[in-house]
Amino acid sequence: MQITKRLLAIAAALLLGAGTYGTASAQGFYWGPRAGLNISTVTKTTYSKARARANFGLMAGYKLNDLIGLQAEALYSLQGSKMTNSDHVYSYNYLKIPVLAKLYLIGGLNIEAGISFNWLVKAQEKWSSTVYDIDGNTTGKVSHSQNLMSDTKGFDFTIPVGVNYQFPRLFDIGLRYDISTVRVPEDRKNHAKSSNWSISLGVRF
């Protein structure tokens with residue numbers, strides 16, 4: 001999709017530029033906030049397209065040496081999808097706890113992979129309908145919403161993989177994809193799964 005290609009291009013440019021900007025600290029504990037942008041959708045559905053939403057939370061990590069590091073996060077991740085053939089919009093918001101291993105390549109440039117435990121906090125569908133007067137003329141639109149919590153799996157286990165760059169001081173930037181292993185709907189005949197790209201910025205203390 002076009003949005004994903006742009007995200008990849010932006011992240012690649014930032015990471016390549018960062019590679020010429022020195023090295024991260026050799027080792028030590030760090031923590032701080034991180035926030036970013038999700039590009040999410042639902043797979044195995046005919047009319048689904050991506051939504052751009054936010055993610056934010058806290059991280060804590062430890063760089064064992066110049067090669068290996070560990071990082072855990074607590075994130076509130078707003079995800080979902082849109083319909084291509086209607087104005088229906090779906091929101092699936094999760095509390096995510098990713099635990100990641102980092103392999104440092106050059107300086108602060110690292111690849112990361114791990115596991116993530118994700119609890120569903122909100123599942124909602126929104127759409128609108130047109131209102132007509134007695135003569136059949138359009139007078140406006142009415143918004144509708146439906147709670148989907150009872151129809152949606154309350155837990156998702158994902159495998160996050162990505163690339164990240166830790167600047168020598170304060171900041172890091174990363175691009176990540178979550179591989180979902182649990183279907184979104186409760187209906188066993190529906191095998192739709194969450195698909196989520198994210199680009200985020202962290203502040204390390």
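Read the figures in this text as sums done on the coordinates, not as results from a lab. These numbers were taken from a predicted model, which means no experiment stands behind them. Every residue, glycine as well, gets a Cβ built from its backbone with ideal geometry; the counts of neighbours run over all protein chains shown.
One equal scatterer on each Cα of segment 117-205, no solvent, Debye formula: the resulting log10 I(q)/I(0) at q = 0.12 Å⁻¹ is -0.63.
Amide H contacts of ALA192: VAL184, each under 5 Å away and 5 or more positions distant or on a separate chain (H built 1.01 Å from N in the peptide plane; Pro and chain starts excluded). Projecting the Cα positions of ILE111, SER145, ASN93 onto the charge dipole of segment 73-157 (unit charges on Cβ atoms of Lys, Arg, Asp and Glu, taken about the Cα centre) puts ILE111 furthest along the positive direction. Comparing mean-square fluctuations of SER128, SER116, SER48 from a GNM of the chain with C-alpha springs under 10 Å, the top value falls on SER128.
Roughly what percent of Cα-Cα pairs across segment 166-205 reach past 15 Å? Roughly 58 percent, once rounded to a whole number.
Lys/Arg Cβ at +1, Asp/Glu Cβ at -1, dipole of segment 151-205 taken about the Cα centre: which of GLY154, VAL184, GLN166 is farthest positive-ward? Ranked along the dipole, the leading option is GLN166. For the pair ILE111 and HIS144, a Förster radius of 35 Å applied to the C-beta separation gives a FRET efficiency near 0.20, rounded to the nearest 0.05. Simple spin-label estimate for ASN85 and ALA101 gives 4.5 nm between the two label positions (7 Å along the Cα-to-Cβ direction from each Cα). Between LYS193, LYS96, LYS44, the residue with the greatest mean-square fluctuation in the GNM of the chain (Cα pairs under 10 Å linked by springs) is LYS44. Placing R0 at 30 angstrom, the Cβ-Cβ distance between ILE68 and ILE179 gives a FRET efficiency of 0.85 after rounding to 0.05.
When the helices of the chain are scored as -39500 (n - 2.57) per DSSP H run of n ≥ 4 and the total is divided over every residue, the value at 222 nm lands at -3000 deg cm²/dmol.
Please check: in the Gaussian network model of the chain (C-alpha springs, under 10 Å), which one of GLY36, GLY61, GLY28 has the largest mean-square fluctuation. Its mean-square fluctuation being the largest, the pick is GLY28. Near the amide H of PHE167, within less than 5 Å, lie the amide hydrogens of ASP172, ILE173, all on another chain or at least 5 residues away, with H placed in the peptide plane. When you restrict to C-alpha pairs under 8 Å that are six or more residues apart and normalise by the size of segment 116-169, the relative contact order lands at 43 percent. If I model a spin label at PHE155 and TYR132 as a point 7 Å from the Cα along the Cα→Cβ vector, what separation in nanometres do I get? Using points 7 Å along Cα→Cβ, the separation is 4.9 nm. For segment 81-205, a simple Cβ point-charge model (Lys and Arg +1, Asp and Glu -1, everything else neutral) yields a dipole of about 500 debye relative to the Cα centre. Ignoring lysines fewer than eight residues from LYS153 along the same chain, the ones with Cα atoms less than 23 angstrom from its Cα are LYS44, LYS49, LYS82, LYS96, LYS122, LYS126, LYS189, LYS193.
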